[in-house]
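Visitor: I'd like to ask you about the structure that follows.
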Amino acid sequence: MALPAIHQSELARTPSKSRSEDYNILSVLGEGSFGQVFLAEHKHSKKKFAIKAITKNVYDEQATQKIETEKKILQLVKKEKAPFLIGLDTYFVTNYNECLVMEYAPGGDLRLLMDKYDLPLKCSIFYAACIVQGLKFLHENNIVHRDLKPENILLDKRGYPRITDYGISKTGTFPWPHII
């Protein structure tokens, strides 16, 4: 399934029935230029999620396009059950934020792991192979990540690497209509 079909879909156009009241915020996982990422627990299911809260007052036309692109990529990843990539569970809008509710990867990021341990070659090869498989899925769907770094590789509960943060990704088909 190629991304141009996603552009025509209704995937990212209407917020879900999820609401901010459905979650307990447990802690701040990180901060970025558009907002914060929180660790949250769904009140009913007790399942943990990462909620990226994007502040509405930083929106402009370009920022809105980036948010929509990220949302569509997250939805595609979830829909296709793409391995080694973080997907979107749901999303909702509040008075101040657009909130993307994503899978939570409790193992931290690859940067923390690399700083803490001297990874054996076999581990490095394993992580590299998983990351390549994630990138393969993105590229097969005409997506270029553009911000691949150890901080954007999260480790799930089984220790598998999962690519995240599609905020500056580009989509389209070759030849690219712009410089990527």
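The values are calculated or read from the model by the stated rules, or taken from the named source; none is laboratory data. Since the model is a prediction, treat every value here as computed from it, not as a measurement. Methodologically, a virtual Cβ is constructed for each residue, glycine included, from the backbone with ideal geometry; neighbour enumeration extends over all protein chains shown.
Visitor: Out of all the residues in region 140-151, which are within 21 Å of LYS79 (Cβ to Cβ) and either loosely packed, with under 12 Cβ neighbours inside 10 Å or within 14 Å of the chain's Cα centre (by Cα) (or both)?
Guide: ILE143, VAL144, HIS145
Visitor: Next question, about the same structure. In the list LYS136, LYS79, LYS43, LYS122, which residue meets the criterion of being in contact with a Phe, Trp or Tyr (Cβ under 8 Å, 6 or more places away or on another chain) and either surrounded by fewer than 20 Cβ atoms within 10 Å (Cβ to Cβ) or under 19 Å from LYS149 (Cβ atoms) (or both)?
Guide: LYS43
Visitor: Looking only at region 55-72, which residues are in contact (Cβ under 8 Å) with a residue 24 or more places away in the chain and not in a helix (DSSP H, G or I)?
Guide: The answer is THR55, and nothing else.
Visitor: Just checking, which of LEU100, LEU76 is within 12 Å of the chain's Cα centre (by Cα), farther than 16 Å from ILE153 by Cα and without any contact (Cβ under 8 Å) to a residue 60 or more places away in the chain?
Guide: Every option except LEU100 fails the conditions.
Visitor: Can you pull out the strands (runs of 3 or more DSSP E) entirely within region 73-180 that have at least 1 residues that are more than 27 Å from SER20 (Cα to Cα) and modelled with pLDDT of 95 or more?
Guide: 161-163
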